[in-house]
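Heads up: the structure comes next, in structure tokens.
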Amino acid sequence: MPDNVHPDPVPVDPLGRMYAEWTVEFTAAPDLSLPVLRWVFEDWQRATAEPEDVTYASRTIGGVPGILVTPLDADPGQVLLVLHGGGFALGSSASHRKLAGHLAKAAGAVAFVADFRLAPEHPYPAQLDDADAVIDALISSGHSAEDITPVGDSAGASIAIATTLRRMQRGAPLPAQVITVSPWLDMENSGETIETNDATDFLIARAGLQGNIDRYLSGGADATDPLVNPLYADFTGFPRLYIASSASESLYHDAVRLAERAQRDGVEVTFDSVEGEQHVWPLQAGNHAPADASVARIADWYRAGRTARIGA
């Protein structure tokens with residue numbers, strides 16, 4: 001890649017090379033339209049190998065379209081609600097269906113990858129409303145709230161956390177556990193590692209984050225509202241929480257602060273910090289050993305939580 005983009009280090013994994021390719025194109029054409037950016041980010045799925053023994057079906061749950069992911073021999077009573085990343089404006093069930101397949105297969109569950117509404121056409125809180133609608137519809141169809149696990153990467157992690165916080169506020173049934181990967185939570189765009197990890201993160205930059213913040217908050221929401229920016233939230237009573245983040249990525253400070261705040265409020269937190277991986281590196285499942293290892297650790301944590309509930 002050109003030396004003027006990221007002279008050192010050079011990406012060595014599939015996702016890093018993809019991000020570096022994107023960065024070259026974004027630099028050459030800084031005014032790409034939102035529809036074009038959405039087409040580009042559909043390419044995320046290229047990093048993920050197709051998992052074996054997994055089927056997919058288009059479904060609508062609670063009025064929200066998406067892809068139902070069903071591994072062979074999965075427990076249909078256990079559902080991973082996968083909330084994709086993409087800055088609230090990009091990404092889709094198609095870009096994340098294969099990652100959901102790997103996660104669901106490892107966890108022994110089914111998954112639903114929700115095509116929640118995107119900003120700026122649908123600013124906050126449309127994304128939370130859609131995640132809530134899926135959970136409520138699954139409960140109405142006979143699922144236990146404790147057996148529905150929100151799984152979010154990047155901006156999807158914010159949706160997973162904020163949806164759970166809002167359900168706490170209104171006294172609605174809660175999931176027993178929440179899984180986040182490379183969480184992006186800080187809508188004030190103040191994370192320290194945005195700058196300090198700039199050379200090792202081949203995707204995230206402060207200007208790009210701000211553009212997505214502006215889209216997400218275009219309805220007038222405050223960047224310090226705890227449901228917009230969970231770093232301001234009171235996590236007391238929040239379900240057990242898994243946080244995976246790479247110390248090399250620009251959003252690492254978000255993950256560190258999330259872990260600190262949740263632990264401060266008595267939440268059972270597992271913070272899986274890795275080294276040298278790109279933003280949402282588990283997207284490389286089947287093609288990158290550290291991604292496979294992370295998927296396995298997430299699944300082990302998920303199953304341990306289920307076992308603890310059954311034995312309680």
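What to note about this one:
- Based on Cα contacts under 8 Å between residues 6+ apart, segment 1-102 shows a relative contact order of 28 percent.
- Dipole axis of the chain (+1 Lys, Arg; -1 Asp, Glu on Cβ), positive-most option in 57, 266, 139: 139
- In the chain, taking the dipole from charged Cβ atoms about the Cα centre, the farthest positive-side position among 30, 239, 171 is held by 171.
- Cα centre as origin, Lys/Arg/Asp/Glu Cβ charges: the chain dipole, Debye: 920 debye
- Size of electric dipole in segment 1-156: Cβ of Lys, Arg +1 and of Asp, Glu -1, about Cα centre, debye, nearest 20: 200 debye
- Share antiparallel - DSSP beta bridges, the chain, percent rounded to 5: 35 percent
- J(HN,Hα) series, segment 251-262, from Karplus relation 6.51 cos²θ - 1.76 cosθ + 1.60, nearest Hz, glycine and proline x: 9, 4, 4, 4, 5, 4, 5, 4, 4, 4, 5, 5
- Proximal charge balance of residue 123 [Cβ under 15 Å; K/R count +1, D/E count -1]: -4
- Entry note, the chain: the mean residue ellipticity at 222 nm calculated from DSSP H runs of n ≥ 4, each adding -39500 (n - 2.57), is -12500 deg cm²/dmol after division by the residues and rounding to the nearest 500.
- Reported value for the chain: 118 Å³ per residue, from the convex hull of its C-alpha atoms.
- Under the Debye formula (equal points on every Cα, no solvent term), log10 I(q)/I(0) of segment 118-273 at q = 0.12 Å⁻¹: -0.48
- Heavy-atom surface of the chain, accessible at 1.4 Å and reported per residue (Å²): 38 Å²
- Only the Cβ atoms of Lys and Arg (+1) and of Asp and Glu (-1) were treated as charged; on that basis the dipole of segment 50-141 about its Cα centre amounts to roughly 140 debye.
- Heavy-atom accessible surface of the chain: percent carbon and sulfur, 1.4 Å: 53 percent
The values are calculated or read from the model by the stated rules, or taken from the named source; none is laboratory data. Being a predicted model, the structure only gives us computed values, none of them experimental. Using ideal geometry, Cβ is built from the backbone for each residue, glycine included, and neighbour counts are taken over all protein chains shown. With ligands, DNA and RNA removed, areas are computed over all heavy atoms of the protein, side chains included. Shrake-Rupley method; radii C 1.70, N 1.55, O 1.52, S 1.80 Å.
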